Amino acid sequence: QVQLVESGGGLVQPGGSLRLSCAASGSILSINNMGWHRQAPGKQRELVARITSGGSTNYADSVKGRFTISRDNAKNTVYLQMSSLKPEDTAVYYCDAIVTSTPTGPSYRYWGQGTQVTVSS
């Protein structure tokens, strides 16, 4: 079994910054893509940013230039540095990871429990 635990959410004023972390643990042989998604009240969950095992990244248009995704493969951890935050960034943020647990087994997607980010004055 694999667990993803997020941290770093909270309340921040518009224009401020936050850094989210998501650490994966458990039965992990390798991790392929890792990502961050968010879900605002009444809206569907959307992809915010994704990073491959090799470090290639892609971002939602709404966060380009403001958010940066990175990962530490030695720690099985993915980060999301968020800057110039806007009220519309308010949402529950979830991380996910595509994990392989055995040499011949399939890969599965795991999700974290979510962390609340609120941008408000």
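Just the residues that are closer than 30 Å to Thr104 by Cβ and in contact with a strand residue (DSSP E or B) (Cβ under 6 Å, 6 or more places away or on another chain), please, taken from segment 37-68. First the steps, then the outcome.
Going through segment 37-68, the residues closer than 30 Å to Thr104 by Cβ turn out to be 37, 47, 50-58.
Of everything in segment 37-68, those that are closer than 30 Å to Thr104 by Cβ and in contact with a strand residue (DSSP E or B) (Cβ under 6 Å, 6 or more places away or on another chain) turn out to be His37, Leu47, Arg50, Ile51, Thr52, Ser53, Thr57, Asn58.
Can we say Lys64 is open to solvent by 60 Å² or more (accessible area, probe 1.4 Å) and in contact with a Gly (Cβ under 9 Å, 6 or more places away or on another chain)?
Judged against the criteria, Lys64 is not a match.
Take the residues in segment 72-121 that are acidic (Asp, Glu) and surrounded by 13 or more Cβ atoms within 10 Å (Cβ to Cβ); name whichever of them is farthest from Ile31 (Cα to Cα).
Of everything passing the filter in segment 72-121, Asp89 is farthest from Ile31 (Cα to Cα).
Can you report the number of residues in segment 34-61 which are polar (S, T, N, Q) and either in contact with an Asp or Glu (Cβ under 8 Å, 6 or more places away or on another chain) or exposed (fewer than 12 other Cβ atoms within 10 Å of the Cβ) (or both)? Reasoning before the result, please.
Residues of segment 34-61 that are polar (S, T, N, Q), as a first pass: 39, 44, 52-53, 56-58.
The next check asks that each one be either in contact with an Asp or Glu (Cβ under 8 Å, 6 or more places away or on another chain) or exposed (fewer than 12 other Cβ atoms within 10 Å of the Cβ) (or both); those that pass are 39, 44, 56.
Counting residues in segment 34-61 that are polar (S, T, N, Q) and either in contact with an Asp or Glu (Cβ under 8 Å, 6 or more places away or on another chain) or exposed (fewer than 12 other Cβ atoms within 10 Å of the Cβ) (or both) gives 3.
The values are calculated or read from the model by the stated rules, or taken from the named source; none is laboratory data. Source: prediction; values computed, not measured. Virtual Cβ from ideal backbone geometry, glycine too; neighbours counted across all protein chains shown. Just the protein is used for accessible areas: all its heavy atoms, side chains included, with ligands, DNA and RNA removed. Shrake-Rupley method; radii C 1.70, N 1.55, O 1.52, S 1.80 Å.
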